[in-house]
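**Student:** Below is the structure I would like to discuss, written out as structure tokens.
Nothing in this text is a laboratory measurement; each read-out follows from the coordinates by a stated rule. Keep in mind it's a predicted model, so treat the numbers as computed, not measured. Cβ placement follows ideal geometry from the backbone for every residue including glycine, while neighbour counts extend to all protein chains displayed.
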Amino acid sequence: MSRLLFFIAFGISVLPTAASAEVRLLDTPAAEMSSSYALNAGPDGTIVLSWVERLGEGGHALRFAELQGEKWGPATTIARGKNWFVNWIDHLAVVQLPGDRLAAHWLVHDEDREGDYGYGIRLAFSEDRGETWREVFQASGDGVDGYAGFVAYAPAADGFEMAYLATVGDDNAEPASAGHGEAEPRMALRSARFDAAGALVGDREVDADVCSCCTTAMAPSSDGLFLAFRDRREGEFRDISFARLRDERWSSPKLVHRDGWHIRGCPTNGPALASSASGPAVAWFTAAGGESKVLAAFWNTTEQRFDDPIRIDHGSPRGWAGVATLEDGSAAVSWVERSETGHFELRVRRVSQDEGAGTPLTVAPVPAGRSAVGVPKLVRGEGRLVFAWRDGGVRTAAIPASILD
């Protein structure tokens, strides 16, 4: 069991483990009660944190900051509004593109909505590192209670690709224990292409029926642009699938691994995806056969498939996996685990196809409730791993990537 002793001093903490690793807590410019956070590592290694804050006069604001050395820089506001949809699983985000270009999205309730949902995506684009923004795209789901969200980004050609989920039809809901309510709609996975100026080039369907409220993930590689998501297959089997964009065409979705998780309703636990020179790595949660697991798998370029998965967790995971590829082709995988004392922790360990899973490290204790912690994030940049989670507000920490064995 990991033993966590924090010595709080200017946002720094020391975490004793078998490897005597040091975890540095980074003071964030995000206010208390901030939420809907995301991390993004840009083409030059710059790391950006984004989050949502409640405004005193009502409404919300989407803000971001860059990691400058060991500190977060000042916060910049992207957008604000009083009719936003903000929850624990469908996080808003900022993505860095080559040069000074940024893209960001938030979620807005539709004017004719009914019920708690009925929201859609608003995408904005900046060409001056966030000084000014212009809205370039909107997407909504079908029906007055439909929605569009669960966005993932990746650079592509001279622009970028944006994957998202959107409800299809307003009369296709089926009774289910769905993460979004008592009835689960049919959701399509779509991908929109934007050029270098942020203009929409195309918007197409990738999969006609996917899990309704699990996060998506994208990563470019030498074998194409990969998109990972939780599929919804006949018989209510919900395993992780992937599609590849090559020669401007999306492939038919294929399973990363046939876990065989039968669940009637969305588990709100999507995959994470990252890529290196040797190819992408994917990490995910499953409870197939009634046993909770966090798994990771590496792309096999020769055989053009993902290899058999490697187990990451210690037997009591909540899931919400994160992944960052390392310079040697291995990967760091993060997840939330219930400790022997019954508390929850954000953990990370190195994993490689040849060596399996390395020594785990506890990053921080996290709240037990899913809405209290959100979906923890992990990225790598400038030789370190940076984590984000929620505990009363958005929290962040960093470790040298080299300490994972």
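**Student:** Might you report the magnitude of the Cβ-based charge dipole of region 24-403 about its Cα centre, with Lys and Arg at +1 and Asp and Glu at -1, to the nearest 20 debye?
**Tutor:** 780 debye
**Student:** Set the Förster distance to 35 Å, then compute FRET efficiency between SER278 and GLU57 from the Cβ-Cβ distance, nearest 0.05.
**Tutor:** With R0 = 35 Å, the Cβ-Cβ based efficiency is 0.10.
**Student:** Give me the percent relative contact order of region 24-403, please, defined on Cα pairs under 8 angstrom at least 6 residues apart.
**Tutor:** Answer for region 24-403 is 12 percent.
**Student:** Along the positive direction of the dipole of region 24-403 (beta-carbon charges: Lys, Arg +1; Asp, Glu -1; about the Cα centre), which of PRO253, ALA228, ALA401 reaches farthest?
**Tutor:** ALA401
**Student:** Using alpha carbon centroids, what distance separates region 194-260 and region 309-387, in Å?
**Tutor:** Centre-to-centre (Cα) distance: 23 Å.
**Student:** Please find, in a Gaussian network model of the chain (springs between Cα atoms separated by less than 10 Å), the residue of MET162, MET218, MET33 whose mean-square fluctuation is greatest.
**Tutor:** Judging by the Gaussian network model, the answer is MET33.
**Student:** Positive end of the dipole of the chain, charges at C-beta (+1 Lys, Arg; -1 Asp, Glu), about the Cα centre: which of ALA272, VAL210, VAL151 has its Cα farthest in that direction?
**Tutor:** ALA272
**Student:** Still on this model: Quick one: check the C-alpha center-to-center distance for region 130-170 versus region 53-122, whole angstrom.
**Tutor:** Going from one Cα centre to the other spans 13 Å.
**Student:** Report the FRET efficiency, 1/(1 + (r/R0)^6), for ASP158 and SER371, where r is their Cβ-Cβ distance and R0 is 41 Å, rounded to 0.05.
**Tutor:** 0.55
**Student:** Same structure again: Fewest first, what order do THR362, THR216 take by the number of other Cβ atoms within 10 Å?
**Tutor:** Exposure proxy ranking, most exposed first: THR362, THR216.
**Student:** Per residue of the chain, what 222 nm ellipticity follows from adding -39500 (n - 2.57) for every DSSP H run with n ≥ 4, rounded to the nearest 500?
**Tutor:** Roughly 0 deg cm²/dmol at 222 nm, from the helical runs in the chain.
**Student:** Of all beta bridges DSSP finds with both residues in the chain, what is the antiparallel percent, to the nearest 5?
**Tutor:** DSSP beta bridges in the chain are roughly 100 percent antiparallel.
**Student:** Please arrange HIS60, HIS105 by counting, for each residue, the other beta carbons lying within 10 Å of its beta carbon, fewest first.
**Tutor:** Going from least to most buried by this count: HIS60, HIS105.
**Student:** Further question: At ASP354 and GLU234, where each label point lies 7 Å from the Cα along Cα→Cβ, what is the point-to-point distance in nanometres?
**Tutor:** Modelled inter-label distance: 4.3 nm.
**Student:** Quick one: order SER330, SER212 by neighbouring beta-carbon count within 10 Å, fewest to most.
**Tutor:** SER330, SER212
**Student:** Taking a threshold of 30 Å on the Cα-Cα distance, which of the pairs LYS82/LYS377; LYS71/LYS293; LYS254/LYS377 fall above it?
**Tutor:** LYS71/LYS293
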